[in-house]
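The values are calculated or read from the model by the stated rules, or taken from the named source; none is laboratory data. Remember, it's a predicted structure, so these values are computed and weren't measured experimentally. Neighbour counts run over all protein chains shown; Cβ positions are idealised from the backbone, glycine included.
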Amino acid sequence: MPGDTGGTLITLPASADLSASQFCAVAVDSAGRVIVANGSSSPAGLIIGILQNKPTAIDRPAVVQVNGRSKVKAGAALATIGAKISSGSAGTAVAYTTTDCLIGILLTAAGADGDIVDCILQPGIFID
């Protein structure tokens, strides 16, 4: 599976066409479907992991990596390796702030929005 580097993968139904959201942070909606995370506005602010595939329609299998090392799409330049990252409004990785839900720890730097980088996943954790 693309992006899988030894972590745990789970499969849930997609909430919509998520084909443009591979390697973005995701959450689960009230129907148990995978949705793109929306920063701290995700359901209860909880991120469950990173989408690994490109489901093209509602109820198609969405493969989500929930731990381990994963690829993630950057939402901005991220230069500090080892820094905490969270989700921006489109599920892309941005610098963590204390009101956000943690995605994980950045392992490679991103030069710009849209770069695919590596992280260690620690989703769903709030750190004050």
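Worth a mention:
- From the options K73, K54, residue that is within 9 Å of the chain's Cα centre (by Cα) and among the basic types (K, R): K73
- Among the residues here, A77 does not qualify as in contact with a Pro (Cβ under 6 Å, 6 or more places away or on another chain), without any contact (Cβ under 8 Å) to a residue 60 or more places away in the chain and either buried (at least 21 other Cβ atoms within 10 Å of the Cβ) or outside the structural domain of A37 (by TED's automatic domain parsing) (or both).
- Among the residues listed as I103, I47, the single one being farther than 12 Å from C119 by Cα and in contact (Cβ under 8 Å) with a residue 40 or more places away in the chain: I47
- Boolean, T92 is at pLDDT 90 or above, of a type in the set (V, I, T) and within 10 Å of the chain's Cα centre (by Cα): yes
- In the stretch 99-117, the residues that are surrounded by fewer than 18 Cβ atoms within 10 Å (Cβ to Cβ) and either over 18 Å from V66 (Cβ atoms) or in contact with a Ser or Thr (Cβ under 7 Å, 6 or more places away or on another chain) (or both): T99, T108, A109, G111, A112, D113, G114, I116
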